[in-house]
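The values are calculated or read from the model by the stated rules, or taken from the named source; none is laboratory data. These numbers were taken from a predicted model, which means no experiment stands behind them. Please note: Cβ atoms are built from the backbone with ideal geometry, for glycine as well, and neighbour counts cover all protein chains shown. Quick note on the areas: whole protein, heavy atoms, side chains included, nothing else; ligands and nucleic acids left out. Shrake-Rupley method; radii C 1.70, N 1.55, O 1.52, S 1.80 Å.
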Amino acid sequence: MSGGSGKGPWDKLPPMARSMLRLLLAGCLAHLAFHGVFQALRSEAVYHATLGRVSVNYERSGTWDAPVITTVRKPFTAMDESGLTNWDAGLYSCIARRLYVPEEACHGRTRAAFFPLFPLVWRWTGASAAGMALLNALLFIGSLAFLAVRLMGPGHPRLLATYAVLVAAPSTVIFRIPYTEALFMAAMTVAAWGMLRGRYGLYFAGALLVAMVRPASVIVMVAIVLAGLWAQAGRRSWRSAAGSAVRWALPFALGHVAALTVQRLSSGSWTAFRDAIGHWEGGLRAITGITDWSQEGFGLNVFTLCFVCLPALAAIVAGLRKGPPPAGAPYDPRRHLIAASLLYVAGILLFTVLTSAGNLHSFFRFVLASPFFHILVLAWMARAPGSRPVHGAWPVVVPVVAAAALLTWAPYGGDRLAFPFAGLYLWAAAALFLHAMHRLPRPVVAGGTALLVALGLVWTAYLMNMYLSNGWIFT
């Protein structure tokens with residue numbers, strides 16, 4: 001008999017690899033469970049015995065310009081190609097097939113308002129809409145696992161629970177349809193890895209891809225540059241700081257040029273993007289009232305505003321009052337990344353306030369379904385196990401009071417206890433649970449995580465059916 005260490009292949013893996021594989025497995029199981037829940041709720045008997053007791057679904061008829069959307073109590077619809085290419089997914093499908101050829105059909109007038117990387121991936125893979133939805137889910141599962149291990153550390157006792165709550169959260173439906181969020185998150189994960197490791201090539205590649213996913217990546221660029229300048233204020237000359245700013249901004253600028261070049265090659269025009277934007281209502285607009293496109297979206301947007309944006313603004317103000325790092329302090333890429341994430345959230349809020357006229361549609365999508373929100377949550381959860389909650393109860397009290405005040409004041413949305421607001425309350429419960437997780441015993445953490453995952457998957461399936469049915473939209 002030959003001697004040996006007695007360790008199996010799993011034990012020989014580095015801790016980082018073991019943690020990654022554990023999280024990837026958990027993410028894949030959660031996605032399979034999501035599809036299991038969805039398919040179960042397609043059954044007449046299962047639906048009416050469970051979700052049908054507390055909720056309704058939507059049914060659309062009429063024309064696009066004059067739709068008629070009614071509430072019905074019937075099982076979930078099929079997850080087919082037609083339903084998966086509703087709304088923006090249909091536009092990305094058009095770009096994948098037709099690129100930016102000028103034409104009236106297939107969203108020809110507005111296609112160039114959407115950048116090309118995601119539809120090019122769709123075109124190159126030749127995947128169906130269901131295939132792209134699966135690819136998006138896998139990109140999200142993998143990106144979140146990588147960020148969780150890197151930011152919390154492979155040995156953190158609450159790593160798996162935190163990941164499980166986030167991978168099944170009420171807003172993750174966006175990562176399970178053919179939209180750009182998953183690719184955006186994957187590309188920014190590469191850039192974040194480059195920042196954390198001090199490897200500019202990785203950062204450059206990731207940031208360039210981020211810029212080719214969507215035009216709003218300009219907010220990402222500004223956030224990274226401003227956060228970097230603040231991190232280096234007082235420690236380097238302004239000439240050196242300006243050089244660093246150029247290095248951080250360069251891949252974004254080149255990514256935008258690459259996106260416009262793709263549009264030029266197929267449309268014949270360098271102004272295709274600008275011309276397409278002209279068909280959308282935009283510009284600075286005064287707030288005329290708080291509205292949305294659906295109760296479901298409104299609830300998630302209330303959570304985003306009160307539980308994410310307000311704390312982010314408070315953290316920015318606290319950082320400004322504290323001042324930049326002292327002269328001689330080493331550059332901290334982790335703090336740079338966190339500060340950029342805070343500024344991104346603030347930038348999305350500012351853009352929404354200035355341009356939406358008070359209609360909050362898609363607001364939660366650009367915040368909760370972004371890598372920056374997940375970076376902030378994971379960095380928050382990375383604090384030492386057993387540590388006291390930062391600033392006591394204020395991170396809990398202020399968002400709860402703000403959400404209650406907004407729900408009381410805003411007339412939109414109807415009955416606040418109706419099922420369409422369940423996403424708001426699920427996310428609020430998840431936020432409070434994550435905030436207190438470090439102080440909870442293991443059995444409570446395990447039970448709370450399982451409950452939040454189960455309820456989150458049911459809600460995500462409900463939103464998926466709403467999307468497939470082309471009902472009141474939440475994106």
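Some notes on this structure:
- The single residue among 451, 455, 432, 424 that is open to solvent by less than 10 Å² (accessible area, probe 1.4 Å) and assigned to a helix (DSSP H, G or I) turns out to be 424.
- Selection status of residue 83, closer than 26 Å to residue 423 by Cα, assigned to a helix (DSSP H, G or I) and free of Cβ contacts under 8 Å to residues at least 40 places away in the same chain: no
- If you filter the stretch 320-337 down to residues that are open to solvent by less than 50 Å² (accessible area, probe 1.4 Å) and in contact (Cβ under 8 Å) with a residue 60 or more places away in the chain, you find that the one that is nearest to residue 465 (Cα to Cα) is 337.
- Selection status of residue 109, touching a Leu at 6+ places or on another chain (Cβ under 9 Å) and open to solvent by 50 Å² or more (accessible area, probe 1.4 Å): no
- In the set (1) in contact (Cβ under 8 Å) with a residue 24 or more places away in the chain; (2) under 27 Å from residue 172 (Cα atoms), residue 352 fails one condition alone, (1).
- Pair list, Cβ < 7 Å and 6+ apart or interchain, from the stretch 30-49 residues that are assigned to a loop (DSSP other than H, G, I, E, B) to residues that are open to solvent by less than 40 Å² (accessible area, probe 1.4 Å): 41/47; 41/51; 41/75; 41/76; 41/461; 42/75; 42/76; 43/75
- Matching residues, the stretch 264-292, being touching a residue at least 40 places away in the same chain (Cβ under 8 Å), surrounded by 15 or more Cβ atoms within 10 Å (Cβ to Cβ) and not in a loop (DSSP other than H, G, I, E, B): 266, 267, 272, 273, 275, 276, 291
- Candidate set from the stretch 51-66 (those that are without any contact (Cβ under 8 Å) to a residue 24 or more places away in the chain and not in a helix (DSSP H, G or I)); member that is nearest to the chain's Cα centre (by Cα): 64
- Filtering the stretch 187-204 to residues that are farther than 17 Å from residue 375 by Cβ and among the hydrophobic types (A, V, I, L, M, F, W, C) leaves only 204.
- Members of the stretch 209-263 found to be part of a helix (DSSP H, G or I) and free of Cβ contacts under 8 Å to residues at least 12 places away in the same chain, listed by number: 238, 239, 240, 242, 243, 246, 257, 261
- Test for residue 146: is it within 15 Å of residue 27 (Cβ to Cβ) and open to solvent by less than 20 Å² (accessible area, probe 1.4 Å): no
- Condition check for residue 366: of a type in the set (Phe, Trp, Tyr) and either buried (at least 20 other Cβ atoms within 10 Å of the Cβ) or modelled with pLDDT under 90 (or both): yes
- Residue count, the stretch 98-122 (criterion: over 15 Å from residue 259 (Cα atoms) and modelled with pLDDT of 95 or more): 1
- Candidates 229, 202, filtered to the one that is surrounded by fewer than 22 Cβ atoms within 10 Å (Cβ to Cβ), closer than 20 Å to residue 335 by Cα and at pLDDT below 95: 229
- Any hit, the stretch 138-161, residues being under 25 Å from residue 18 (Cα atoms), at pLDDT 95 or above, not β-branched (Val, Ile, Thr) and not in a helix (DSSP H, G or I): no
- Leading residue by the ranking (farthest from the chain's Cα centre (by Cα)) among those in the stretch 435-448 that are of a type in the set (A, V, I, L, M, F, W, C) and in a helix (DSSP H, G or I): 444
- Residue pairs meeting the criteria (Cβ under 6 Å; at least 6 apart or on separate chains; first closer than 24 Å to residue 460 by Cβ and in contact (Cβ under 8 Å) with a residue 60 or more places away in the chain, in the stretch 404-427; second of a type in the set (Gly, Ala, Ser) and assigned to a loop (DSSP other than H, G, I, E, B)): 419/55
- Among the residues of the stretch 99-125, those that are in contact (Cβ under 8 Å) with a residue 60 or more places away in the chain and within 22 Å of residue 254 (Cα to Cα) comprise 99, 100, 111, 112, 113, 114, 115, 116, 117, 118, 120, 121.
- Residue within the stretch 296-309 that is without any contact (Cβ under 8 Å) to a residue 40 or more places away in the chain, open to solvent by 10 Å² or more (accessible area, probe 1.4 Å) and on the phi < 0 side of the Ramachandran plot present: no
- Among the conditions (1) within 25 Å of residue 254 (Cα to Cα); (2) of a type outside the set (Lys, Arg); (3) open to solvent by 30 Å² or more (accessible area, probe 1.4 Å), residue 66 misses just one, which is (1).
Yes or no, residue by residue, for (1) touching a strand residue (DSSP E or B) at 6+ places or on another chain (Cβ under 9 Å); (2) open to solvent by less than 60 Å² (accessible area, probe 1.4 Å); (3) at pLDDT 90 or above:
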site	(1), (2), (3)
381	no, yes, yes
387	no, yes, no
391	no, no, no
403	no, yes, yes
416	no, yes, yes
420	no, yes, yes
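Residue-by-condition table, conditions (1) under 14 Å from the mean Cα position of the chain (by Cα); (2) open to solvent by less than 40 Å² (accessible area, probe 1.4 Å); (3) among the β-branched types (Val, Ile, Thr):
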position: 119; (1), (2), (3): no, yes, no
position: 123; (1), (2), (3): no, no, no
position: 151; (1), (2), (3): no, yes, no
position: 156; (1), (2), (3): no, yes, no
position: 161; (1), (2), (3): no, yes, no
position: 177; (1), (2), (3): yes, yes, yes
position: 181; (1), (2), (3): yes, yes, no
position: 192; (1), (2), (3): no, yes, no
